[in-house]
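Student: Have a look at this one.
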Amino acid sequence: MIDHMWLEPDVVRDAVRDDSFYLDVTAVGEDRRSLRIRADIAELLERPCAANPQDATVRLIARPSVLESDEGFVIDAVDGAAEITGNTTRALVYGFYDWLRRRMLGETIDGRIVSIPSQPIRMIDHWDQTDGSVERGYAGESIFFGRWNSNEHREFTEFPERTDADVFRGDMDRIERYARFLASVGINAVSLNNVNVRGAAVRLIVHPWLDRVAQIARIFSSYAIDTYLSVNFAAPRIIGGLDTCDPLDPAVNAWWRQTVDDIYATIPDFGGFVVKADSEGEPGPFSYGRDHADGANMFARAFEPHGGRVIWRAFVYDCHMDWRDRTLDRARAAYDTFRPLDGRFARNAILQVKFGPIDFQPSEPLSPLIGAMRHTNLIVEFQIAAEYLGHQIDINYALPQWLASLATDTGYDADAAVTVPAYLPLAAVDRRNVGYAAVANVGMDDNWTGHRLAQANLYGYGRMCWDGSLTADDIAREWTSLTFARADADARDTIEWILDTSNATYESYAAPLGVGFMVKRENHYGVGINDFEYDRWGTYHYSDRDGTGVDRTVATGTGYIGQYAPRIAATLEDAGTCPDGMLLFFHHVPYTHVLHSGKTVIQHIYDTHFAGVDTVDEYIRRWSALEGRIDEATFSNVAERLQRQRRNAVEWRDQINTYFLRMSGIPDEHGRLIYR
């Protein structure tokens, strides 16, 4: 039984049981989005569309120039009816689902509500492979690719080899449901395939596969979502018959122009390309003595006549580092590579920057590139898929971490704090070309996300993109109220508490104080303290008998701190003023270093790892009290995952505490059991 996430039909229909609707798009014309609204009213809501406005309790009307934004909308009470207006049918899609959410939550429309999306681009990136696997996927196979009814649960590196002639799954009903979920939280862009573009995926941009992409794109388009594809920089050589992929070569430019022209002839509202280049073995402009601006602008020129975009990932670093050389620092890579290119990217080229400088760790500072770029369109990248946050086995509601990153001072202004949402339009060369992107966490599992509570991250990401004023608690409360509408208030409070505390809980038993990367190397789940310590990936913690952490200071370390604006760097450079939560990311300190909390580093490590397990035990206790009060599928799913989370937390606690006891020789001041 496929889960309906936060749009359970019985709950939806009960909320609108007395409503009738009227849709007026005469000012803009009927299109696939207005037809989709009509279909969802009839099929999801099971309510009628009236022929006359006076017979409707809800009126949706397209009125050009109502707002400056073509995606924003107004909800107002007019003559006893709710009236939803916007410039376009795209706005009406978002307005319709916003109104529906409010109705399901029991809100009343007493006055005029104007809703404009906080971010112009609100994107989901899928890391789906054409064999059906999902890189860093924890909820089964791809919903787009693979064999009908197949749902292997394996790491993408261990996925069975497939040579099927048809790489598309063909489950259009599943895709339609997914598009509805995304539209209901305001998502407006989706990239279908993995940024590591290999095998058959290289050919998604040409016929005949392009025609199958178009079928999917039409579904997303009806929900006001633009479709993007990830492309291989070497495609002109791999499938185009050229002997070069030089971004300044006329023949290469002509090949990409023709390819893009063909795409738009097939998918007129195509969004653009996502490109990972010169990173982790992927080809790129460096092979031809060119830089990333040269590469991005080649695509931008091809898209410019069509209004499309190229999104160029800034995840570029040397993945063959020598662990012996402590002057090397992977954290520096994005800034060192892209800061000199500021101002050289085209108006329709966007640099996609991970929110932290390393790779979606449980605790990571804001990337200094966010704030340093002054004349470049930026997208900030998050990861809904819990690659380093528990694999959707451990509960980890990531909104507190994401929102804290967005609230960080970028250093853009020398005197006043400028947060990330405020910074993006200031740095942009085209304010329409900024926003957020996040790696998807869905798959073919019946509940979509493997762990039922992991749905909250997908919902929360969309709401975070649309409404920057919401808190993590606000979003958790919304999701819980919508998803568990039939549960009693105490049960919903329990679920909200687990969500609200889960991100801090996971961090408490994972790598301490921002040091990161103490996970198992092969799959990034579970404790592996030294798995990366002598490897090529540049993710080291440098723990020894005297202390722990990475010296990234300007004075004695890698100089990474110098990439931040001066007043921010001054705080970070001094271990005495550096925030506790990031101390080991920026400094190598003695185990006896005293934190702002008054605890020593070593005692903090012991205390947090014991506390993390204790909190998971409390999750188990409280969750067990929900049996019979929520649906059995959810109860059993989460109960089973909590037991796995406890085993994981215990291993983290025991291995981390033992490791640091052996390193430091300093016992726990409370005398708790730590294995020697």
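Student: Rounded to whole Å and sorted largest first, what semi-axes of the equivalent ellipsoid does the C-alpha gyration tensor of the chain yield via the square root of 5 times each eigenvalue?
Tutor: One finds semi-axes of 39, 32, 24 Å for the chain.
Student: Does the stretch 549-598 come out rounded, prolate or oblate by the C-alpha gyration tensor, with a ≥ b ≥ c the root eigenvalues, rounded set by a/c under 1.5 and, if not, prolate when a/b is larger than b/c and oblate if not?
Tutor: In terms of gyration-tensor shape, oblate.
Student: Something else: Which value does Rg/Rh take for the stretch 375-471 over its C-alpha atoms, Rh per Kirkwood?
Tutor: Looking at the stretch 375-471, the ratio lands at 1.04.
Student: May I pose another question? List the aspartates and glutamates whose Cα lies under 14 Å from the Cα of Lys599, skipping any in the same chain that are fewer than 8 positions away.
Tutor: Asp580, Asp607, Asp668, Glu669
Student: While we're looking at this one, here's another question. Please work out the Cα center distance from the stretch 214-239 to the stretch 150-203, rounded to the nearest Å.
Tutor: Here the two parts' Cα centres lie 12 Å apart.
Student: Round to a whole number: what % of the accessible area of the stretch 84-139 belongs to carbon and sulfur, probe 1.4 Å?
Tutor: Percent of accessible area from carbon and sulfur atoms in the stretch 84-139: 41.
Student: Further question: Please work out how much length the chain gains when fully extended from Thr592 to Val114, using 0.36 nm per residue of separation minus the C-alpha to C-alpha distance, in nm with one decimal.
Tutor: Here the answer is 166.7 nm.
Student: How fast does the stretch 309-372 diffuse by Stokes-Einstein, in µm²/s, taking the Kirkwood radius from C-alpha pairs at 20 °C and 1.002 mPa s? Kindly include the intermediate steps, with their values, before the conclusion.
Tutor: On the way: Rh = 12.9 Å.
The diffusion coefficient I find is 166 µm²/s.
Student: Between Cys319 and Arg486, what is the spin-label point distance in nm, taking each point 7 Å from the Cα along the Cα→C-beta axis?
Tutor: So the two model labels end up 4.6 nm from each other.
Student: In Å², what does the accessible area per residue of the chain work out to with a 1.4 Å probe?
Tutor: That works out to 36 Å² per residue.
Student: Picking from Ala42, Tyr591, Val310, whose Cα lies most toward the positive end of the charge dipole for the chain (charges on Cβ: Lys, Arg +1; Asp, Glu -1)?
Tutor: Val310
Student: Out of the total accessible area of the stretch 354-472 (probe 1.4 Å, heavy atoms of protein only), what percent is carbon and sulfur?
Tutor: 53
Student: Per q in 0.18 1/Å, what log10 I(q)/I(0) does a Debye calculation on the alpha-carbon atoms of the stretch 537-667 return?
Tutor: The calculated log intensity ratios at q = 0.18 Å⁻¹ are -0.97.
Student: Give the lysines whose C-alpha is closer than 21 Å to that of Lys276, dropping any in the same chain fewer than 8 places away, or say none.
Tutor: Reachable lysines: Lys354.
Student: Okay, next question. Based on a Kirkwood Rh over C-alpha pairs, give the Stokes-Einstein translational diffusion coefficient of the stretch 4-98 at 37 °C and viscosity 0.692 mPa s in µm²/s.
Tutor: Reported coefficient: 245 µm²/s.
Student: Read phi for every residue in the stretch 67-72 and hand back ³J(HN,Hα) as whole Hz from Karplus 6.51 cos²θ - 1.76 cosθ + 1.60, θ = phi - 60°, with x for Gly and Pro.
Tutor: Going residue by residue, I get 9, 5, 8, 7, 10, x Hz, with x marking Gly and Pro.
Student: Counting each DSSP H run of 4 or more residues in the chain as -39500 (n - 2.57), what helix-only mean residue ellipticity at 222 nm follows after dividing by all residues, to the nearest 500 deg cm²/dmol?
Tutor: So the helix-based figure for the chain works out to -11000 deg cm²/dmol.
Student: Would you compute the Debye intensity of the stretch 203-270 from its alpha-carbon atoms alone, equal scatterers and no solvent, and pass along log10 I(q)/I(0) at q = 0.11, 0.12, 0.21 Å⁻¹ to two decimals?
Tutor: The calculated log intensity ratios at q = 0.11, 0.12, 0.21 Å⁻¹ are -0.28, -0.33, -0.86.
Student: Moving on to the next point. Counting only protein heavy atoms and using a 1.4 Å probe, what share of the accessible area of the stretch 624-672 belongs to carbon plus sulfur, as a whole percent?
Tutor: Roughly 48 percent, rounded to a whole number.
Student: Taking 1 over the mean of 1/r across every pair of different Cα atoms in the stretch 263-361, what Kirkwood radius in Å do you get?
Tutor: Across the stretch 263-361, the inverse of the average 1/r is 14.8 Å.
Student: Something else now. Please tell me the relative contact order of the stretch 346-458 in percent, rounded to the nearest whole number, where contacts are Cα pairs under 8 Å and at least six residues apart.
Tutor: Numbers: 192 pairs, mean separation 35.4, N = 113.
Relative contact order for the stretch 346-458 comes out at 31 percent.
Student: Another one. Taking amide H atoms as placed 1.01 Å from N in the peptide plane, list the residues 5 or more away in sequence, or in a different chain, whose amide H sits under 5 Å from that of Ile124.
Tutor: The list, which skips near neighbours in sequence, is Ala189, Val190, Ser191, Ala438.
The values are calculated or read from the model by the stated rules, or taken from the named source; none is laboratory data. Because the structure is a prediction, the values reported are computed rather than measured. All Cβ positions, glycine included, derive from the backbone under ideal geometry; neighbour counts span all protein chains shown. Heads up: the accessible areas ignore ligands, DNA and RNA and are worked out on the full protein's heavy atoms, side chains in. Shrake-Rupley method; radii C 1.70, N 1.55, O 1.52, S 1.80 Å.
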